[in-house]
Amino acid sequence: EFVSDRLIALFANIRINAYAHLSIQSGSSKILKAMNRHYDGAQLREVLEKLRNVKREEDSAQYMTDLIVGFPGETDADFADTLEIVEKYGITQLHAFPFSAHVDHYSVPAGSFPDQVPNHIAQSRLKTLLKAGEKAFEEYAEKYVGKELRVLVEKISHFSGFVIPSEA
């Protein structure tokens, strides 16, 4: 199971920080299969829909995703599937990278796959994806302008003049 319903249900509890880091990689079922992922685009969208619909008192669930663009065989349509999940589900934080055939000076198996995506196309897709993430973050942050929200302070290392209630 990609993300369990039990975990998603926990996000409704205001005492839980409703934040998850999801290693999505792609929105395209074809690319996910080529990457040997254990889920497809439909399962991914089902989880993202559930996360988007978590009801919380003050705020909403937020998640970061890992995404790769330019994986061998990725077409414009495959990239559009990935871009669509960022835009539709309001993914506000992206760890997005172009595919690299090498990691720490070692070749990865997909580096020898057919239909390698030219670097200039992967870079262009990356820019488009990052801009979509920035727009999603701006829309997310705008919902909270002028609102008072609870925060959890773990440590105060520098007093900046904020008043901290005694019951905190």
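The values are calculated or read from the model by the stated rules, or taken from the named source; none is laboratory data. These figures come from a predicted structure and were not determined experimentally. Note that we place each Cβ from the backbone using ideal geometry, even for glycine, and neighbour counts take in every protein chain shown. Remember, those area values only see protein heavy atoms, side chains included, never the ligands or the DNA or RNA. Shrake-Rupley method; radii C 1.70, N 1.55, O 1.52, S 1.80 Å.
Observations on the structure shown:
- Region 100-119 residues that are farther than 13 Å from GLU74 by Cβ and modelled with pLDDT of 80 or more, paired with ones that are in a helix (DSSP H, G or I) and open to solvent by 80 Å² or more (accessible area, probe 1.4 Å) (beta carbon under 9 Å, 6 or more apart): ALA101/SER112
- When each of ALA77, ALA168 is tested for being assigned to a loop (DSSP other than H, G, I, E, B), open to solvent by 60 Å² or more (accessible area, probe 1.4 Å) and either modelled with pLDDT under 85 or within 16 Å of GLY27 (Cβ to Cβ) (or both), the lone residue that passes is ALA168.
Let's see how each residue does on (1) assigned to a helix (DSSP H, G or I); (2) closer than 29 Å to ILE16 by Cβ; (3) small (Gly, Ala, Ser); (4) open to solvent by less than 30 Å² (accessible area, probe 1.4 Å):
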residue	(1), (2), (3), (4)
THR65	no, yes, no, yes
THR82	yes, yes, no, yes
ALA110	yes, no, yes, yes
LYS135	yes, yes, no, no
TYR140	yes, yes, no, no
LEU152	no, yes, no, no
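- Selection status of LEU126, on the phi < 0 side of the Ramachandran plot, outside any strand (DSSP E or B) and open to solvent by less than 70 Å² (accessible area, probe 1.4 Å): yes
- In the set (1) over 18 Å from THR92 (Cβ atoms); (2) touching a Phe, Trp or Tyr at 6+ places or on another chain (Cβ under 8 Å), the condition left unmet by ARG15 is number (2).
Residue by residue, here is whether (1) open to solvent by 30 Å² or more (accessible area, probe 1.4 Å); (2) at pLDDT below 95; (3) not in a helix (DSSP H, G or I) holds:
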| residue | (1), (2), (3) |
| --- | --- |
| ILE8 | no, yes, no |
| ASN13 | yes, yes, yes |
| LEU22 | no, yes, yes |
| LEU32 | no, no, no |
| LEU44 | no, yes, no |
| VAL47 | no, yes, no |
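- Pairs with Cβ under 9 Å, 6+ apart, first in region 1-13 and more than 17 Å from ASP40 (Cβ to Cβ) and touching a residue at least 60 places away in the same chain (Cβ under 8 Å), second assigned to a loop (DSSP other than H, G, I, E, B) and of a type outside the set (D, E, K, R): none
- In region 98-126, the residue that is nearest to ALA34 (Cα to Cα) out of those that are small (Gly, Ala, Ser) and in contact with a Pro (Cβ under 9 Å, 6 or more places away or on another chain) is ALA110.
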